[in-house]
Amino acid sequence: MASIFSKIIAGIIPAYKIAEDADFLAFLDINPLAKGHTLVIPKMEVDKAFDLPKDVLAKWLVFAQPIAHAIEPEFPCNRCGISVVGLEVPHAHMHLIPLQDIGSMNFSRPKLTLSSEEFLEVQTKLLGALERSK
Ligand code: AMP
């Protein structure tokens with residue numbers, strides 16, 4: 001099913017991209033719970049995460065691993081958390097969120113409103129960390 005995320009994959013609408021390969025894309029959540037909140041999606045148009053083919057499901061976590069490792073030092077936190085919700089956008093996506101405590105994963109609390117400069121700063125930090133990790 002095509003969703004707003006398919007439009008991001010196709011480049012029809014913009015996103016602050018963090019990483020991409022043939023099968024996956026990572027970009028900053030536009031309404032983040034914290035600076036560094038990143039979405040990681042398979043390019044395959046599947047709504048529910050556990051409906052993905054087994055090989056895509058397995059590769060998804062491996063694709064996300066260096067991004068989580070980049071988030072942790074760049075956005076001081078206890079650790080990078082992972083969550084799959086999907087109640088808003090019907091295209092499988094995992095949230096990577098720097099956690100301070102359990103409240104950091106509370107999706108019902110107010111989101112941050114970041115300026116484009118702040119998004120670019122977050123993107124630059126993550127791209128730099130990913131580049132250094134190669
Ligand atoms: P959920 O489907 O409940 O897991 O949440 C969907 C997430 O996608 C929310 O955190 C939104 O802020 C995020 N989101 C929706 N549209 C965009 C977009 N165009 N670019 C980046 N993030 C988005």
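The values are calculated or read from the model by the stated rules, or taken from the named source; none is laboratory data. The shown structure was predicted, so the numbers you read here are calculated from the model rather than taken from an experiment. Please note: Cβ atoms are built from the backbone with ideal geometry, for glycine as well, and neighbour counts cover all protein chains shown. With ligands, DNA and RNA removed, areas are computed over all heavy atoms of the protein, side chains included. Shrake-Rupley method; radii C 1.70, N 1.55, O 1.52, S 1.80 Å.
Annotations
- Residues of the stretch 26-51 classified as more than 11 Å from the ligand (Cβ to nearest atom), part of a loop (DSSP other than H, G, I, E, B) and open to solvent by less than 10 Å² (accessible area, probe 1.4 Å), total: 1
- Residue list for the stretch 84-112, restricted to those being away from the ligand (no atom under 11 Å from the Cβ) and assigned to a loop (DSSP other than H, G, I, E, B): Gln100, Asp101, Asn106, Arg109, Pro110
- When residues of the stretch 16-51 are limited to those that are more than 11 Å from the chain's Cα centre (by Cα) and of a type in the set (A, V, I, L, M, F, W, C), the one nearest to Thr124 (Cα to Cα): Ala34
- Once the stretch 14-25 is narrowed to residues that are small (Gly, Ala, Ser) and more than 11 Å from the ligand (Cβ to nearest atom), the residue that is surrounded by the most Cβ atoms within 10 Å (Cβ to Cβ) is Ala19.
- Taking the stretch 114-134 as the range and being among the hydroxyl-bearing types (Ser, Thr, Tyr) and either outside any loop (DSSP other than H, G, I, E, B) or in contact (Cβ under 8 Å) with a residue 40 or more places away in the chain (or both) as the test, the residues that pass are Ser116, Thr124, Ser133.
- Filtering the stretch 16-28 to residues that are in contact with a Phe, Trp or Tyr (Cβ under 9 Å, 6 or more places away or on another chain) and over 15 Å from Ser115 (Cβ atoms) leaves Lys17, Ile18, Ala19, Glu20, Asp21, Asp23, Phe24, Leu25, Ala26, Phe27.
- Looking only at the stretch 84-115, residues that are open to solvent by 60 Å² or more (accessible area, probe 1.4 Å) and of a type in the set (Gly, Ala, Ser) come to 1 in all.
- Each residue in the stretch 52-76 was checked for being more than 22 Å from Pro90 (Cα to Cα) and either within 11 Å of the ligand (Cβ to nearest atom) or of a type in the set (Phe, Trp, Tyr) (or both), and 1 of them qualify.
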